[in-house]
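Report on one structure; see the data block that follows.
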Amino acid sequence: MPDQTSPPADAATMEKIVALCKRRGFVFASSEIYGGLGSTYDYGHYGVLLKTNVKNEWWRAMVQERDDIVALDSAILQHPRTWEASGHLAGFTDPMVDCHTCGQRFRADHVPELQCPQKPSKSPGEGPSCDLTEARDFNLMFETTMGPVKDSGATVYLRPETAQGIFVNFKNVLQFSRRKPPFGIAQVGKSFRNEITPGNFVFRTREFEQMEMEFFVPPAEAPQWYDFWRQERYDWYVELGLRKDHLRLREHETGELAHYSSATADVEYFFPIGWSELEGIANRGDFDLTQHTEFSGQKLEYFDGQSGERYVPHVIEPAAGADRATLAFLVDAYDEDEIGGEQRTVLRIHPRLAPVKVAVLPHMRKDGLPDVAHEVHTALRGRMQSEYDEGGAIGKRYRRQDEIGTPYCVTIDHQTLEDRTVTVRERDSLTQERVTIEDLPGELAARLAAPWRSPKP
Ligand code: GAP
């Protein structure tokens, strides 16, 4: 994959995305009435629908369209030995410094780019009254206590990644899924990291959802499966409409590799904050199964009854973030144009990801038009996410749907009463066509299933 220079800036800035998400109820700051809680977010109606579509597309690509991957949903709380074996307890740390004056904590390696809270024109440590400690390692796992009594209970951790829940279930799945390497286990779920410098909206938060798949392979096949999954995961984002000039695969330098990885590539997206990781694909070798074998005393290996061969499979891991992918799809979709001299904000998002697929709009709230519109909406909503809206001028209702990325608006007007046809307006091209009410569900379903490319330059 050729590396590339940065594309020219387009309409989307992080401020505009945050404002749209709040205005249309995609995402809110968590606990807002109490002033918010550092870098945690709540998803509203359209945000939930959008993120669910992203996760469903991942499940589709991983499980529905393949025969060699099975699903798993492991607990967030795991035996604490899990995190000893994985290396998280000892090594999942960031170096940080504290300031005795302002009481704030900073990532030591980010200090030069940060602002002193008391003197924002300077970095922490540069202000006249700054008093920074030496850098110390700070573990990013959230700790809690299991059991009724805090002092005598066992310390457990909110999982910092979904991957370890897969490794500790390797034996169970192998036994019950009737699979043999190469095969994969896929999981989607919440992970928690006490990030010291979170920020940039849902790009880096303390509570987030991961979509991870561990693919177990015969050791000799690991390099070829690593290449396969890099390409496969890059292609997934392209198929779902991310523009190719905003997407790249970047191979990690040797010094950048995590301790468990012999090769890692990041799928990166050109966010308003610059090129940043969307997903990592790593060749983890036999590190995880070997570590859990050592710490649990349970052999985690594959035995081929026919050939008598016994080995510890190697693992190729595509690890993505559902929130970060959702943000990338929002950023890539955000656009502004002008219709009839009026400014429009529109999400040109892949119809498969769009939170609402169709809006049903009676042209007026009289002459029986709402009754027919309700009939159309009821016929559609069993097949796709449909929204009924009769409030306000038709132009305003179109704008509202454009802003949430609804690919089709269906308008019921006086002609509908005569010939049972409705107008189908397309979000990107703004073309309008008349379709009979009877043909409408099939017509829309076909259009929604068709391949789609972003019309953004
Ligand atoms: N099991 C490997 C692993 O967890 P990672 O690169 O730390 O690898 C995988 O995380 C993906 O999870 C990232 O590419 C990103 O999309 C998402 N992710 C990680 N930390 C995140 C955070 N604090 N907020 C939002 N997403 C995060």
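Throughout, read-outs are computed from the coordinates displayed, never taken from laboratory work. Just so we're clear, the structure is a prediction, and the values are computed from it rather than from any experiment. With ideal geometry, Cβ positions are generated from the backbone for all residues, glycine too; neighbour counts draw on all protein chains shown.
Some points to look at:
- Efficiency of FRET between S296 and E418 - r from beta-carbon atoms, R0 51 angstrom, step 0.05: 0.10
- Charged-residue dipole, Cβ positions (Lys, Arg, Asp, Glu), region 1-158 about Cα centre, Debye nearest 20: 580 debye
- Remark: M384, M146, M62 ranked as M146, M384, M62, counting other beta-carbon atoms within 10 Å and listing the fewest first.
- Structure-based [θ]222 nm, the chain - -39500 (n - 2.57) summed over DSSP H runs of at least 4, per residue, nearest 500: -8000 deg cm²/dmol
- Net charge of Cβ neighbours under 12 Å - reference D389; Lys, Arg +1; Asp, Glu -1: +3
- Residue pairs, from the table K51/K244; K396/K456; K122/K244; K171/K244, whose Cα atoms sit over 28 Å apart: K122/K244; K171/K244
- FRET E, pair K22, F303, Förster distance 51 Å, beta-carbon r, rounded to 0.05: 0.40
- Label sites at L37 and E375, each approximated as a point 7 angstrom past Cα along Cα to Cβ, lie 4.9 nm apart.
- Gyration tensor over alpha-carbon atoms, the chain, equivalent ellipsoid semi-axes in Å: 43, 30, 21
- Taking a ≥ b ≥ c as the square roots of the eigenvalues of the alpha carbon gyration tensor, region 1-155 is oblate, as a/c is not under 1.5 and a/b does not beat b/c.
- In loop segments of region 51-129 as defined by DSSP, the trypsin sites (Lys or Arg not before Pro) with at most 16 further C-beta atoms inside 10 Å of their C-beta are R66, K122.
- Listed by Cβ neighbour count within 10 Å, with the fewest neighbours leading, F329, F28, F287 appear as F28, F287, F329.
- Cβ-Cβ FRET estimate between D131 and D73, R0 fixed at 51 Å, reported to 0.05: 0.60
- The distance between label points at E253 and E433 comes to 5.3 nm (points 7 Å beyond Cα on the Cα→Cβ vector).
- Amide H contacts under 5 Å for G405: L347, restricted to partners 5 or more places along the chain or on a different chain, H placed in the peptide plane at 1.01 Å from N.
- For the chain, the longest principal axis of the alpha carbon atoms and the long axis of helix 222-239 meet at an angle near 30°.
- Linear extension gain, T144 paired with F228, 0.36 nm per residue minus alpha-carbon span: 26.3 nm
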